[in-house]
Amino acid sequence: MPSPATLLSKRANRLLRQGSLVIACVVLALFEAPLALPAGLQLSQKHTIRHEIDQLEDAWRTAVVNGNTTALDGLLADDYLAITPSGTLQNKEQTLDNVRQGRIKFTTLDLSDRKVRLYGTTALVTSLAEVAGTASDEELKGSFRYTRVYVRNTQGKWKVVSFEASRIREPGEHIEHK
């Protein structure tokens with residue numbers, strides 16, 4: 001009989017084939033975490049991993065603000081997928097091209113309220129971003145919440161596999177339906 005980890009990995013692979021990257025990451029994070037991280041993981045080990053993820057988040061911020069696609073390329077997994085605040089999907093190449101061509105440009109990107117949660121070889125980051133800049137020649141300004149998912153690859157490197165951002169609406173602010 002296959003082990004629980006094998007069964008869960010097969011389920012995650014099936015979800016990935018069906019295009020559900022975020023769901024697959026959550027399945028792996030929630031169910032493989034007890035198998036990947038021993039219950040006795042030292043607090044210092046958790047602290048070290050969180051510090052490493054914090055450094056990667058800072059590197060991502062610096063790369064995006066400076067339009068450094070070489071640094072971004074190194075941070076993003078080959079199968080990276082983003083859900084933008086407008087609900088569109090972007091893969092790694094589209095994201096890099098948008099930065100390279102100046103279709104997305106940040107003049108301000110202040111991050112706060114960062115939380116890093118660890119699930120085995122997966123790290124889930126949530127944060128608040130105060131943003132100013134342009135996106136497709138339109139002003140981009142406001143507060144956003146985002147979630148970024150990192151997975152440690154077989155070489156031991158953390159890579160961003162998923163990102164999703166949502167605009168924070170002011171009380172009483174309504175969404176325009178087109």
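Every read-out reported here was derived from the displayed coordinates using simple, explicitly stated rules and does not represent laboratory data. Source: prediction; values computed, not measured. All Cβ positions, glycine included, derive from the backbone under ideal geometry; neighbour counts span all protein chains shown.
Here are some notes:
- Tensor-based shape of segment 94-178 (alpha-carbon gyration tensor, a/c under 1.5 rounded, otherwise prolate or oblate): oblate
- Charge tally in the Cβ shell below 14 Å around T69, where Lys, Arg are +1 and Asp, Glu are -1, T69 excluded: +1
- Modelled label positions at R114 and S136, each set 7 Å beyond Cα in the direction of Cβ, lie 3.0 nm from each other.
- Convex hull of segment 40-167 built on C-alpha atoms - directionally averaged projected area, nm²: 7.6
- Förster radius 30 Å - calculated FRET efficiency between E164 and H47 (Cβ-Cβ, nearest 0.05): 0.70
- Annotation: amide H of Y119 within the under-5 Å range of L124, sequence separation 5 or more or interchain, hydrogens built in the peptide plane.
- Using a Förster distance of 30 Å, the FRET efficiency for S143-N68 (Cβ separation, nearest 0.05): 0.80
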